[in-house]
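The values are calculated or read from the model by the stated rules, or taken from the named source; none is laboratory data. Remember, predicted model here, so these are calculated numbers, not experimental data. Positions of Cβ are generated from backbone atoms using ideal geometry, with glycine treated the same way; all protein chains shown enter the neighbour counts.
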Amino acid sequence: MRKAWILASISLLATIGAALVAGLAFGHPALWVIAALTVYLGWNLYNVYRLDRWLWFREGSGPRSAPGAWGRIYAGLYRLKSRNRERKRRLNRLLKEFRKAASAMPDASVVLNADHEIVWINNVAVRYLGITKTDRGRRIDYFLREPSFVEHLRLPCFDKPLSINSPVDSDRKLSIRIIPYGEGQRLLLAKDVTHERRLEKVRRDFVGNASHELRSPLTVISGYLDNLRSDPDLPEGWADPVREMNAQAARMRSIIDDLLTLSRLEASESPGEDETISVDGLASLVRKDVLAARSPCAPIELEFTSDAKLRGSETELYSAFWNLVQNATKYTPAEGQVKIRWTTDKTGGHFSVIDTGKGIPDEAIPRLTERFYRVDKGRERSKGGTGLGLAIVKHVLQRHGATLEVTSELGVGSTFTCHFPSDRIEDDRRSA
């Protein structure tokens with residue numbers, strides 16, 4: 001590179017030197033130098049013109065031939081152009097492979113821009129969403145007009161999938177997930193979950209019906225067992241077996257009641273009632289009922305730093321709070337302590353149950369709300385647990401737009417916190 005520019009400089013100096021010699025020989029050396037520089041400038045302008053035509057109008061497919069630095073410039077530009085051409089070929093191949101892969105996916109795929117306009121779709125989107133190739137450039141909410149989806153598009157992030165009915169077939173259930181990528185682009189994926197929803201409904205119906213049908217015979221069995229326990233003529237050897245059968249029947253009643261509660265909660269996505277609830281009053285009632293049901297029991301302390309009220313179903317929230325407090329007292333020794341705390345801030349309301357029990361291993365915390373999951377199976381059964389309490393808590397909170405946070409340390413205790421969104425909180429001072 002340096003050699004080419006050295007030659008160009010030598011060429012310019014040689015041109016000026018030749019013009020000076022000619023001027024000294026024939027007179028008027030300044031005019032000879034000006035004429036030589038004009039020719040040199042004209043030659044460079046001609047090469048600039050050729051470069052412009054080559055770059056903008058693609059005149060000629062190969063590099064232009066020119067002496068000196070211009071030849072090097074042409075060669076370098078042609079090499080850059082060749083690299084860009086090869087890069088474009090690779091990108092086109094990758095784009096074709098991506099489109100082939102997306103077209104082969106069993107889910108509907110739609111590429112959206114920052115304005116939610118359709119950029120590209122696969123063939124499945126035609127069947128699921130009713131979008132055709134000619135609809136590119138139109139907004140996606142023109143085809144998916146459900147209010148829940150329109151509201152979902154306005155969210156700052158898309159962490160959770162959304163379930164809607166297909167606009168083409170109302171019997172088809174779709175799970176919509178939006179994945180942001182690139183600069184303002186989004187990938188919308190729509191999965192057919194009709195079969196899964198039907199299986200889930202069959203499961204819920206079976207659990208609900210089976211639990212309901214089991215209540216009647218279990219009530220009869222429990223009645224006879226109660227009579228046997230109170231019979232003064234019961235043989236002495238039968239007392240312990242009857243007492244154990246009665247305890248197991250009571251446990252079965254608890255399981256059936258919890259299953260029926262779960263079935264009722266799963267029947268709809270939102271609470272059936274929308275009441276204004278005094279949290280301190282509800283927590284005091286829960287405390288009273290838990291203390292009456294368990295003896296001996298660790299002391300339960302109430303701590304309220306806010307008098308804000310909570311909107312929702314009092315029956316459902318009582319069930320959730322009762323399960324949390326009852327669960328805390330179950331695994332906290334009588335000399336320990338359980339605290340119920342209610343606080344509010346700008347993010348919403350926070351109902352916490354804090355205990356000084358044995359604690360929960362970190363690997364068990366993510367599974368606590370699974371049905372029938374037990375951290376310590378033997379200890380749970382001995383204390384009469386059904387394994388459904390925290391599953392009920394999870395469903396109640398989901399119906400109220402809330403979340404459950406669990407923190408624990410082995411040998412120190414656990415904290416279960418229900419985080420309610422701000423739109424569920426009613427603060428008299430704020431509203432005033």
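Structure notes:
- Restricted to strands (runs of 3 or more DSSP E) entirely inside the stretch 150-256, those with at least 3 residues that are touching a residue at least 24 places away in the same chain (Cβ under 8 Å) are 173-181, 185-192.
- Test: residue 189 is closer than 23 Å to residue 120 by Cβ and out of contact with any helix residue (DSSP H, G or I) (no Cβ under 9 Å at 6 or more places or on another chain): yes
- Within the stretch 326-370, tally of residues that are touching a residue at least 40 places away in the same chain (Cβ under 8 Å), aliphatic (A, V, I, L, M) and crowded, with 17+ Cβ neighbours inside 10 Å: 6
- Whichever residue in the stretch 23-47 is at pLDDT below 80 and among the aliphatic types (A, V, I, L, M) and, among such residues, is farthest from the chain's Cα centre (by Cα): 25
- Within the stretch 200-240, the set of residues being under 26 Å from residue 162 (Cα atoms) and loosely packed, with under 11 Cβ neighbours inside 10 Å comprises 202 only.
Quick grid of which residues meet (1) in a strand (DSSP E or B); (2) assigned by TED's automatic domain parsing to the domain that holds residue 166:
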| site | (1), (2) |
| --- | --- |
| 99 | no, no |
| 111 | yes, yes |
| 120 | yes, yes |
| 131 | no, yes |
| 134 | no, yes |
| 141 | no, yes |
| 144 | no, yes |
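- Residues in the stretch 233-256 that are in contact with a Ser or Thr (Cβ under 8 Å, 6 or more places away or on another chain) and of a type outside the set (A, V, I, L, M, F, W, C): 246, 251, 253, 254.
- Near pairs, Cβ below 9 angstrom, 6+ apart or cross-chain, from the stretch 267-287 (farther than 16 Å from residue 319 by Cβ and not assigned by TED's automatic domain parsing to the domain that holds residue 325) to any residue that is at pLDDT below 90 and aromatic (Phe, Trp, Tyr): none
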